[in-house]
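Colleague: This is the structure I want to talk about, given as C-alpha cells.
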Amino acid sequence: MADEKILIVGAGRMAQAIIKGLKQAGFTNVLVGNNGNVERLEEVESRFGVNSTEQWQNHVSDQNIIILAMPPEAHDEVLAELSEVVEKQLILTVAAGIDVSYMQERLPEGTPVSWLMPNTAAAKGQSMTLFALGEHVNDQHEYYIEKILFSIGQFKKLTETQMHALTPITGSGPAFIYRMADNLIKEAQKSGISEVTAKQLIAQMIKGSAEMLTSDLKCPQDLMDEVASPGGVTERGLQVFEKYHFDEMMREVIEACLERAELDE
Ligand SMILES: NC(=O)c1ccc[n+]([C@@H]2O[C@H](COP(=O)([O-])OP(=O)(O)OC[C@H]3O[C@@H](n4cnc5c(N)ncnc54)[C@H](OP(=O)(O)O)[C@@H]3O)[C@@H](O)[C@H]2O)c1
C-alpha cells in the first residue's frame, strides 16, 4: 500500500500537513501539484522529499489516488479538469463543504470519491479526521483511505450530513483552542517568564487536559468541578465565563462557521 501512487493537488498548509504524515508512514510515491506557485513546490520538494509537478493534469493517468487539498472555490474548475482525464482513480478532497454528492455530480459516473475533514495536527500524526464515502467506494478503496488517514492521526467514518455539522468542531476547532492559548500565554508572560516558557506551560496544560478528557470516563463538567472547588479561585474565574455568555458565544462561533461553509457549496 505504501507504494500506492498519490497525487496531491494543492501544496499549502493542509497539503503539507498530510504530506508530512504520509512520508512518516512510509509512502514513497507522492507527487504534488498546485496553482502555479513554483517557489512553494520547490520548498515542498526539498522539505518533504516528494516529487512535484507544474502540470498535475498530465500525471493523473499514472496515479491510483488523488487528494484535492485546495480551497473549496477552486473545486469546480479542478473537478472539471479532472473529469477529462480521470479513469476510476480514487478521488479524495479535504475541502470544507465539498461533500461526496458535490464531487459525484461533477465527476464521471462510477468515480469513487471520499470527503475527508482533517485538521492541521495531521503534521504531528495527531489529526482527528472525519470522512464520508461516496457510493462507488469499495472495500479496497476504504482500506486505502483508512491507511492514509491512519498516517495522520485518528479517524471516524460518518455520513456527509454529520460531517457538515462537525466540520467547525474538529476542522476549525484547533484554531479556537489556539486563540485561547494565545491569551493564556500573554497572561502568563505578565509574571515575568519568557514567551517560550509560557508556551511550554500552556501547551502541557492543554495536553494534560486533553489526556484527562481522553482517558477519564468523567464528562467535561465533572473534570471542571474537580478543578473548581466551591468558593475557590477557579470558580471565581468560571463566573466570568458566565458574565460574558461564553456558551452563547461558542454557539455563535459554530453557527458562523456553518454559514460560511454553506456559502461555499
Ligand atoms: N488549514 C486547515 O486547518 C484545514 C483544515 C481542514 C480542511 N482544510 C481544507 O484544506 C484546503 C486547503 O486549505 P489550506 O489551509 O491548505 O490552504 P492554503 O494554505 O491557502 O493552500 C491552498 C493550496 O491550493 C492551491 N490551489 C488553489 N487553487 C488551485 C487550483 N485552481 N488548482 C490547483 N491548486 C490550487 C494553492 O496553489 P499555490 O501553491 O499555487 O498557491 C495552494 O497550494 C481547503 O479546502 C480547506 O477547506 C483546511
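Colleague: Number of Lys pairs in the chain with C-alpha atoms less than 20 angstrom apart, excluding same-chain neighbours closer than eight positions?
Modeller: Lysine pair count for the chain: 20.
Colleague: How far, in degrees from 0 to 90, does helix 173-189 lean away from the longest principal axis of the Cα atoms of the chain, to the nearest 10?
Modeller: Long axis of 173-189 versus the principal axis of the chain: about 40 degrees.
Colleague: Please give the helix 139-150 orientation as an angle from the longest Cα principal axis of the chain, in degrees from 0 to 90, rounded to the nearest 10.
Modeller: Once rounded, one gets 40 degrees.
Colleague: For the chain, with only Lys/Arg (+1) and Asp/Glu (-1) charged at the beta-carbon, what is the dipole magnitude about the Cα centre, in debye rounded to 20? Display every interim value, and only then the final one.
Modeller: Values: 22 positive and 40 negative charges, 241 e Å.
With only Lys, Arg, Asp and Glu charged at Cβ, the dipole is about 1160 debye.
Colleague: Hey, another quick one. Would you work out the Kirkwood radius for region 30-81? I mean one over the mean of 1/r across all pairs of different Cα atoms, in Å.
Modeller: Values: mean 1/r = 0.0847 Å⁻¹.
Result for region 30-81, one decimal place: 11.8 Å.
Colleague: Between exposed trypsin sites (Lys or Arg not before Pro) in the chain, where DSSP calls loop and at most 14 other Cβ atoms lie within 10 Å, what's the longest gap? The partial results should precede the final answer.
Modeller: Details: sites that count: LYS88, LYS190, LYS218.
After excluding every exposed loop site, the longest remaining stretch is 89-189.
Colleague: Please list, in chain and number order, the residues 5+ apart from THR129 or on another chain whose amide H is under 5 Å from its amide H, with Hs placed from the backbone.
Modeller: HN-HN under 5 Å from THR129: GLN154, PHE155, LYS156.
Colleague: Under a point-charge model restricted to the Cβ atoms of Lys and Arg (+1) and Asp and Glu (-1), what is the dipole moment magnitude of region 139-265 relative to its Cα centre, in debye to the nearest 20? The partial results should precede the final answer.
Modeller: Working: 13 positive and 22 negative charges, 126 e Å.
Magnitude of the dipole: close to 600 debye.
Colleague: Still on this structure: Based on the Kirkwood radius over alpha-carbon pairs, what value in µm²/s does the Stokes-Einstein equation return for the translational diffusion coefficient of the chain at 37 °C and 0.692 mPa s? Intermediate values should be presented prior to the final figure.
Modeller: Details: Rh = 20.4 Å.
Using the Kirkwood radius from Cα pairs, D works out to 161 µm²/s.
Colleague: Still on this structure, please answer the following. For the chain, find the longest principal axis of its Cα atoms and tell me its angle to the long axis of helix 13-24, 0 to 90°, nearest 10.
Modeller: Taking the Cα atoms of the chain, the angle to 13-24 is about 80 degrees.
Colleague: Under 5 Å between amide H atoms, partner at least 5 residues away or on a different chain: which partners does VAL32 have, H built in plane at 1.01 Å?
Modeller: ILE8, ASN51, SER52, THR53
Colleague: Of the options ASN51, PHE131, TRP115, report the single residue whose Cα projects farthest towards the positive end of the charge dipole of the chain (beta-carbon charges: Lys, Arg +1; Asp, Glu -1).
Modeller: Farthest towards the positive end: ASN51.
Colleague: Residue by residue through region 201-215, what is 3J(HN,Hα) from phi via Karplus (6.51 cos²θ - 1.76 cosθ + 1.60, θ = phi - 60°)? Round to whole Hz and write x for glycine and proline.
Modeller: Result, rounded to whole Hz: 4, 5, 4, 5, 4, 5, 4, x, 5, 5, 5, 4, 5, 6, 8.
Colleague: With viscosity set to 0.890 mPa s at 25 °C, what whole-number translational diffusion coefficient in µm²/s follows for region 54-199 from Stokes-Einstein and a Kirkwood radius over Cα pairs?
Modeller: 146
Colleague: Turning to a different aspect of this structure: Using the Karplus equation 6.51 cos²θ - 1.76 cosθ + 1.60 (θ = phi - 60°), what ³J(HN,Hα) coupling, rounded to whole Hz, does each residue of region 158-172 give in order, writing x for Gly and Pro?
Modeller: 9, 7, 5, 4, 5, 5, 4, 5, 9, 3, x, 7, 8, x, 7
Colleague: Could I ask something else about it? Pop out the ³J(HN,Hα) list for region 221-231 in order, Karplus 6.51 cos²θ - 1.76 cosθ + 1.60 with θ = phi - 60°, rounded to Hz; leave Gly and Pro as x.
Modeller: Rounded to whole hertz, the list is 5, 4, 5, 5, 4, 5, 7, 9, 5, x, x.
Colleague: Return the Cα extents of region 144-203 along principal axes one, two and three, sorted largest first, each rounded to a whole Å.
Modeller: 49, 24, 9
Rule-based calculations on the coordinates, nothing more; no lab input. Please read these numbers as outputs of a predicted model, since none were measured by experiment. Heads up, the Cβs are rebuilt from the backbone with ideal geometry, glycines too, and the neighbour counts pull from every protein chain shown.
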